[in-house]
Amino acid sequence: MKTRIVIIDDHQLFREGVKRILEFEGQFEVVAEGADGSDALELVQKHQPDIVIMDINMPNTNGVEATRQLVETYPDTKVVVLSIHDDENYVMHALKTGATGYLLKDMDADTLIEAVKVVAEGGSYLHPRVTHNLIQEYRRLAAGTSQKVEKTSREVCLPLHLLTRRECEVLQLLADGKSNRGIGEALFISEKTVKNHVSNILQKLNVNDRTQAVVVAIKNGWVEVR
């Protein structure tokens with residue numbers, strides 16, 4: 001069965017671009033579109049989509065408020081937020097209201113497709129640049145002013161009892177905020193191989209998505225935060 005999607009964005013041209021990219025994949029079907037957050041509840045009630053792709057900045061009901069209402073009323077429908085903001089405050093606010101994904105509008109087509117696939121399979125997805133910013137903020141808060149220099153400079157201990165050396169390299173690049181394509185280019189391997197490595201990492205670390213994997217890695221000192 002195809003993943004059913006509703007797109008909510010006040011720019012028609014952007015909606016058409018997103019729709020074209022998703023439906024080209026064949027496994028996605030855009031069942032409805034709306035131009036404002038106030039359209040979201042009505043469209044979800046009518047079409048029962050699996051995923052709503054929701055813009056944050058809209059003229060009447062913004063995407064964060066619409067997401068909150070959707071999650072409360074239709075908890076089985078996943079929301080992926082679209083934004084021009086990569087600031088961690090925007091991200092945390094969206095996630096607290098129940099969003100399962102957070103994408104930046106300057107993303108490429110591969111990132112959009114990857115994100116929707118991950119969310120459709122029950123995971124969560126943050127744009128790689130957003131992930132990197134959140135990790136930096138997490139590290140800053142965890143370190144504290146007096147211990148920051150010491151904790152930042154501590155030696156990385158690779159989890160070779162759990163992962164292969166190649167998987168450790170991939171985990172480090174995930175912590176650097178690299179997309180699958182970026183990891184492939186850095187390691188001179190295909191995106192398919194990268195996806196296999198990421199899948200193995202998630203399974204071995206017993207986590208659901210790449211963001212959780214990076215948080216676990218930071219807590220255990222397995223990666224360098226740069």
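The values are calculated or read from the model by the stated rules, or taken from the named source; none is laboratory data. The structure presented is a predicted model; accordingly, all values stated were derived computationally and were not measured. When we count neighbours, we look across all protein chains shown, and the Cβ atoms used for this are built from the backbone with ideal geometry, even at glycine. We work out accessible area using only protein heavy atoms, side chains counted, and drop any ligands, DNA or RNA first. Shrake-Rupley method; radii C 1.70, N 1.55, O 1.52, S 1.80 Å.
Overview of values
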{"item": "Most fluctuating residue given options ARG165, ARG68, ARG210, as computed from a GNM of the chain linking Cα atoms under 10 Å", "result": "ARG165"}
{"item": "Amide H contacts under 5 Å for GLY34, placed H, 5+ residues apart", "result": "ILE7, ILE8, ASP9"}
{"item": "Those residues of the stretch 192-226 whose amide nitrogen sits under 20 Å from the label point placed on GLU185, 7 Å along Cα→Cβ", "result": "192-198, 226"}
{"item": "Accessible-area value, HIS85, 1.4 Å probe, nucleic acids and ligands omitted, Å²", "result": "50 Å²"}
{"item": "Theoretical gain in end-to-end length, VAL215 to GLU65 [0.36 nm per residue, Cα-Cα removed]", "result": "51.3 nm"}
{"item": "Heavy-atom accessible area order for GLU114, GLU169, largest first, 1.4 Å probe", "result": "GLU169, GLU114"}
{"item": "Gain upon complete extension [LYS195, LEU13; 0.36 nm per residue less C-alpha separation]", "result": "62.4 nm"}
{"item": "Subset of LYS19/LYS105; LYS2/LYS117; LYS2/LYS78; LYS78/LYS117; LYS19/LYS117; LYS96/LYS195 violating a 18 Å alpha-carbon distance limit", "result": "LYS96/LYS195"}
{"item": "Karplus 3J(HN,Hα) series, Hz, for the stretch 120-134 with 6.51 cos²θ - 1.76 cosθ + 1.60 (x for Gly, Pro)", "result": "4, 8, x, x, 10, 9, 10, 3, x, 5, 5, 4, 4, 5, 5"}
{"item": "Bridge type composition, the chain - antiparallel percent by DSSP, nearest 5", "result": "0 percent"}
{"item": "Whether the chain is rounded, prolate or oblate, judged on the alpha carbon gyration tensor where a/c under 1.5 counts as rounded", "result": "prolate"}
{"item": "Residue-by-residue Karplus 3J(HN,Hα) for the stretch 160-165, coefficients 6.51, -1.76, 1.60, Hz, glycine and proline x", "result": "5, 6, 10, 10, 6, 4"}
{"item": "Nearest-0.05 FRET efficiency for SER38 and ASN89, computed from C-beta distance (R0 25 Å)", "result": "0.55"}
{"item": "Carbon plus sulfur fraction of accessible area for the stretch 9-113, probe 1.4 Å, in percent", "result": "47 percent"}
{"item": "Rounded to the nearest 10 Å², the accessible area of VAL223 at probe 1.4 Å", "result": "10 Å²"}
{"item": "Amide H within-cut-off set for TYR125, under 5 Å, with H built and near neighbours excluded", "result": "GLY101, TYR102"}
{"item": "With DNA, RNA and ligands ignored, accessible area of GLU185 (1.4 Å probe; Å², nearest 10)", "result": "120 Å²"}
{"item": "Reachable aspartates and glutamates, given that their alpha-carbon falls under 14 Å from the alpha-carbon of LYS46 and they are not under 8 places away in the same chain", "result": "GLU33"}
{"item": "Relative contact order computed over the chain (Cα-Cα under 8 Å; 6+ residues apart), in percent", "result": "14 percent"}
{"item": "Distance from the stretch 191-205 to the stretch 155-180 (C-alpha centre basis), Å", "result": "11 Å"}
{"item": "Shape call, the stretch 1-125: gyration tensor on alpha carbons, a/c limit 1.5", "result": "rounded"}
{"item": "Helix-only [θ]222 nm of the chain, DSSP H runs n ≥ 4, -39500 (n - 2.57) each, per residue, nearest 500", "result": "-16000 deg cm²/dmol"}
